[in-house]
Amino acid sequence: MSYYKIDDLEQYFKHYKKSVREPRKFWDKIADENFTWYQKWDKVVEFDMQTADVKWFLNAKVNITKNCIDRHLAKRGEKTAIIFEPNNPKEEARHITYNELYEQVSKWANVLREQGVKKGDRVCIYLPMIPELAFAVLACARIGAVHSVIFAGFSASAVSTRVNDLESKVIITADGGYRGSKSIDLKGIIDEALEKTPSVEKVFVVKRTNSEITMKPGRDQWIQPLLDDALNNNVAEIMDAEDPLFILYTSGSTGKPKGMLHTTAGYMVYSAYTFKNIFQYEENDVYWCTADIGWITGHSYILYGPLLNGATTVIFEGVPSYPDFGRFWEVIDKHKVSQFYTSPTAIRSLAKENSEWVDKYKLTSLKVLASVGEPINEEAWHWYNDHVGKKKAPIADTWWQTETGGIMISPIPFVTPTKPTYATLPLPGVQPVLMDEKRNEIEGNQVVGSLCIKFPWPGMARTIWGDHQRFVDTYFSTFPGKYFTGDGALRDEVGYYRITGRVDDVVIVSGHNLGTAPIEDAINEHPAVAESAIVGFPHAVKGNALYGFIILKEFGETRDRDNLSNEINQFISSHIGPIAKLDKIQFVSGLPKTRSGKIMRRILRKIAEGDFSNFGDTSTLLNPEIVDEIKNGKL
Ligand code: 6R9
């Protein structure tokens, strides 16, 4: 019996039980049957959850790109590996076959090697969402260099912080990038960033926008002439299972970003396994994840997961609103996309527009929908289900983190019955537990607590680059011996999990624990409300009270604000209870969001408290200008 694919609920429970009782046997079989290895492991796993030392597939030898590319060539050489859909719909899409992907990655790998990049070197990649981003990432993995993709929306100072933390010698960038109606001067940002990065020796530049840029002699080179001269085949580096594969930064609650380090074999096994099950990918499907490769979702579910399974994966350069609000749906019909993976933010931003933008597309190719990044509220879930999936495509609400490497809790489409706003059940191999304030495990169902994972899984991050103590402190100390996710969750009467948001998003009002997410859900159901964010602020009698920042839909703008405020509180009262009513409501035109779409509540909390002195690091904000607007609106 194979454990790689789950076909029905009975099988899910069977696999799940096996994975808990005999995790070693479970992962051993999956790793053994579904990948090509130079050498197999001596031991499946070795771990100490106190010191956060975890190793999987000890002493195995492998190269992830052999598994992503080479092993498919015999059967799938002429199959499309990547569909590139450019920002401008008038520019032709590119179809890159597995054979072509092999040639491109080989050329890139040869160039990097010839230019002196060695196994273990950190290579920073600052590219727009173009096929070259995939080639660069895979070429690094091919030669054993550790890739660190920096999202091409980050500022120069965010880039230099990361480059310096990695002491990276090589940067790969482009002359520019397109995003909707804008073009971004990536090389200019790199030039500014590199004024403060003494380690960088070489910059390779991809041509995309043909913009005028300056090339620094001795440091900068166009990559194309080098590629033209390179051989189109390459012998992959033999990597140890625990050799680093990549480092990806995630923002901490304060201070310096954390460089999460993922290693080779465990990440490979886990991203492949989770992709296969969550997306139920079949041979002729076209799969599309709208994330950016600069985030973990793009690493695991645009590149590695799909390619490990020999899938066709779409790389989309643009944005959902360009040239109009129908772009996603147009692309789905155009490429006959079968699996579509996006974020609640994207869904809400499109749901707020006239539904004709989506309803005019057929979307009949869609089989599976998925969501990631934050809790998906009920209204957005239904809109996604009704307008996009036409009530026929199950929605996988996938909960996971940069640190987990792959999806941890999610319905398996056609297997797990879905329930709006619930990530439902853990995947086999994942052992979630809920913990109370006294650090005890909470048994049974219909309970709420801090979400931890009590046994290692192959995809977990191994450390924070250069700071293992911070890794231990952040994730393994709050609940000793367990991995602490930082999220709160509830387990319902049948054992389904619902992520209630970051644990720090819970506000205690008059002694009652109130998650901000369900309150926001209730508010968002008001027909005039587009989006909302709730934070707590100190209150003399209640301890804390609730402050609501609310964005109205266009027609709501003309309504009387006092009446609206009363109605919104009525909604909360009837959905949750009078205890959850807002003490203060401020109508705003936007919310401070990180580039991955998360509301930066830390800033809203400060504004609600009336403390405008120091908003901390705002370098990851997509819309920093909104902070002043909200602040001024309050004054
Ligand atoms: C993959 C990714 C991780 C945090 C995580 C949680 C939130 C992600 C979610 C979700 C509720 C979901 N989150 N998916 N919350 N339901 N389906 O997003 O990684 O950027 O590291 O963020 O995002 O709070 O802890 P990352």
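The values are calculated or read from the model by the stated rules, or taken from the named source; none is laboratory data. If you're wondering where the values come from, they're calculated on a predicted model, not measured in any experiment. All Cβ positions, even for glycine, are placed from backbone atoms using ideal geometry, and neighbour counts span all protein chains on display.
Residues are listed down the side, and each one gets a yes or a no for (1) in contact with a Cys (Cβ under 9 Å, 6 or more places away or on another chain); (2) of a type in the set (Ser, Thr, Tyr); (3) under 30 Å from Val331 (Cβ atoms):
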{"position": "Trp27", "(1), (2), (3)": "no, no, no"}
{"position": "Met49", "(1), (2), (3)": "no, no, no"}
{"position": "Glu92", "(1), (2), (3)": "no, no, yes"}
{"position": "Leu101", "(1), (2), (3)": "yes, no, yes"}
Task: Counted residues, segment 608-622 - those being surrounded by 16 or more Cβ atoms within 10 Å (Cβ to Cβ), more than 15 Å from Ser157 (Cα to Cα) and at pLDDT below 90 - done: 1
Open item on the list: Given (1) within 12 Å of the ligand (Cβ to nearest atom); (2) closer than 27 Å to Ala522 by Cα; (3) touching a Ser or Thr at 6+ places or on another chain (Cβ under 7 Å), identify the lone condition not met by Thr421.
Closed with: (3)
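For segment 429-461, enumerate the residues that are among the basic types (Lys, Arg) and either buried (at least 22 other Cβ atoms within 10 Å of the Cβ) or touching a Phe, Trp or Tyr at 6+ places or on another chain (Cβ under 6 Å) (or both).
Here is the first cut: in segment 429-461, the ones among the basic types (Lys, Arg) are 438-439, 454.
The answer is Arg439, and nothing else.
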Task: Some residue of segment 556-570 being out of contact with any Leu (no Cβ under 9 Å at 6 or more places or on another chain), of a type in the set (D, E, K, R) and part of a loop (DSSP other than H, G, I, E, B) - done: yes
Open item on the list: Can you list residue pairs whose Cβ atoms sit under 9 Å apart, with the first residue in segment 606-630 being without any contact (Cβ under 8 Å) to a residue 12 or more places away in the chain and the second being assigned to a loop (DSSP other than H, G, I, E, B)? Count only pairs 6 or more apart in sequence or on different chains.
Closed with: Lys606/Phe612; Lys606/Ser613; Lys606/Asn614; Lys606/Phe615; Lys606/Gly616; Glu625/Gly590
Open item on the list: Looking at the structure I just gave you, is Met260 in a strand (DSSP E or B) and closer than 23 Å to Leu248 by Cα?
Closed with: yes
TODO: Please work out if Leu591 is out of contact with any Cys (no Cβ under 8 Å at 6 or more places or on another chain), in a helix (DSSP H, G or I) and either within 17 Å of Asn377 (Cβ to Cβ) or at pLDDT 90 or above (or both).
DONE: no
Open item on the list: Given the criteria crowded, with 19+ Cβ neighbours inside 10 Å, polar (S, T, N, Q) and in a loop (DSSP other than H, G, I, E, B), does Ser168 qualify?
Closed with: yes
Open item on the list: Looking at Gly597, Gly616 in this structure, which one is within 16 Å of the ligand (Cβ to nearest atom), closer than 26 Å to Val372 by Cβ and in contact with a Ser or Thr (Cβ under 9 Å, 6 or more places away or on another chain)?
Closed with: Gly597
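Condition check ((1) over 24 Å from the mean Cα position of the chain (by Cα); (2) at pLDDT 95 or above; (3) surrounded by fewer than 22 Cβ atoms within 10 Å (Cβ to Cβ); (4) part of a helix (DSSP H, G or I)) across all residues:
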| site | (1), (2), (3), (4) |
| --- | --- |
| Phe325 | no, yes, yes, no |
| Phe328 | no, yes, no, yes |
| Val337 | no, yes, no, no |
| Leu350 | no, no, no, yes |
| Trp357 | yes, yes, yes, yes |
